[in-house]
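First comes the structure, then the notes that go with it.
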Amino acid sequence: MGEKKTAPRIPLFSERKELEKQDLYIYGSENTAEKEQDCFAKALSRYMSDSGPDNKKVSARKLHILSGVSKSAIYYYLLGVRRITYETLCAICIALRLHPVRQEHLFCKAHIMMPCDEPYPSKRDRIIKYYLDNCAFIERCTVIACNEELTSNDCNALNELTSDKEDSE
């Protein structure tokens, strides 16, 4: 029997280095022109670059393992040649344990609305929102846990990533 592989771990927000300035954290710059030039691909790359342990880059392979999004799709998003879907964006935000302000920025750059509380959120949106709101702060808020809670509540999962498939890579 082979040893069980452990999935890579993204540190919680509280375990990362302290924030400098909000604009640097979100846009990577305080320069207005550079902030205006920011796009989804640049922001995703930037967030992958400082989400790993000791603020090291999260590779496309690690993001694939944590999010259930194919490596090729991740590369296409980083190149800016493929438009991301709502489910994929939610999975990536949860997998990277992005702080809510960074999530909001990515959703804005992708021209996708975040799940909301009002006026009449679906059960699925409430579950996804819970995981998005808490993934940066609570260890158990992962894509796998989100998918399993969604399916146990008769909702469509974000993708096919489950604890059964976790070690298949």
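Readers should treat all values here as calculations from the given coordinates under stated rules, not as data from a laboratory. Predicted model, so just to flag it, every value in this text is computed and none were measured. All Cβ positions, glycine included, derive from the backbone under ideal geometry; neighbour counts span all protein chains shown.
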So between Ser72 and Glu118, what do we pick up on full extension, going 0.36 nm a residue minus the alpha carbon distance? 13.1 nm
When Lys and Arg each count +1 and Asp and Glu each count -1, what net charge do the other residues less than 12 Å away from Ala73, Cβ to Cβ, add up to? +2
List, in the order given, every pair from Lys17/Lys42; Lys109/Lys129; Lys17/Lys123 whose Cα-Cα distance in the structure shown is over 28 Å. Lys17/Lys123
Leu19 neighbourhood, Cβ < 12 Å, K/R = +1, D/E = -1, net charge 0
Here, Arg9 and Phe137, labelled 7 Å along Cα→Cβ, have an inter-label distance in nm of 2.1 nm
Neighbourhood charge, 13 Å Cβ-Cβ cut-off, centred on Ala110 and excluding it, Lys, Arg +1 and Asp, Glu -1: +2
Quick check on the chain: helices-only [θ] at 222 nm, where DSSP H runs of length 4 and up contribute -39,500 (n - 2.57) each and the sum goes over total residues. Nearest 500, please. -13500 deg cm²/dmol
Decide, for region 13-113, between rounded, prolate and oblate: order the square roots of the alpha carbon gyration tensor eigenvalues as a ≥ b ≥ c, take rounded if a/c falls under 1.5, and otherwise choose prolate if a/b is larger than b/c, else oblate. oblate
Label points 7 Å out from Cα along the Cβ direction at Tyr25 and Thr162: separation in nm? 3.7 nm
